[in-house]
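I have placed the structure first, in the form of structure tokens, so that the comments after it can refer back to it.
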Amino acid sequence: MKNINTLVFYKKTELINLILLAMCVFLIVFYIVQINLLVSREYRVEILNNKLAKLLDQQNNLQADKFISDGMPQVAQFAQKSGMIEANNAVYVFEESSFAQR
């Protein structure tokens with residue numbers, strides 16, 4: 001009788017050990033999958049940030065090109081359309097300034 005009880009105890013212990021081992025394997029696989037997903041998301045975010053930085057740099061270059069192309073002829077044309085006149089013989093309030101009075 002004692003042998004049967006001992007055998008049943010070892011069978012229960014083996015079953016508990018197998019369940020614990022299966023849980024450990026499951027948790028390790030789950031951990032690896034979650035870490036992989038997290039790292040891949042971070043990698044995608046980094047790629048998108050790099051693309052955004054390149055696009056912002058390109059936008060800045062295009063804006064600089066636009067400002068360069070809007071040179072003096074375009075400014076003069078805008079001034080004529082707006083009814084502005086050229087200031088001749090202006091008397092300056094301050095000697096070393098471009099602030100003039102009429």
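The table for this structure:
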quantity: Filtered residues of region 50-79 (kept if surrounded by 10 or more Cβ atoms within 10 Å (Cβ to Cβ) and among the polar types (S, T, N, Q)); calculated: N50, Q58, Q59, N60, N61, Q63, Q74, Q77
quantity: Test: V8 is at pLDDT 75 or above and surrounded by 10 or more Cβ atoms within 10 Å (Cβ to Cβ); calculated: no
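The values are calculated or read from the model by the stated rules, or taken from the named source; none is laboratory data. Source: prediction; values computed, not measured. Because the Cβ atoms are built from the backbone with ideal geometry, glycine has one as well, and the counts that use them run over all protein chains shown.
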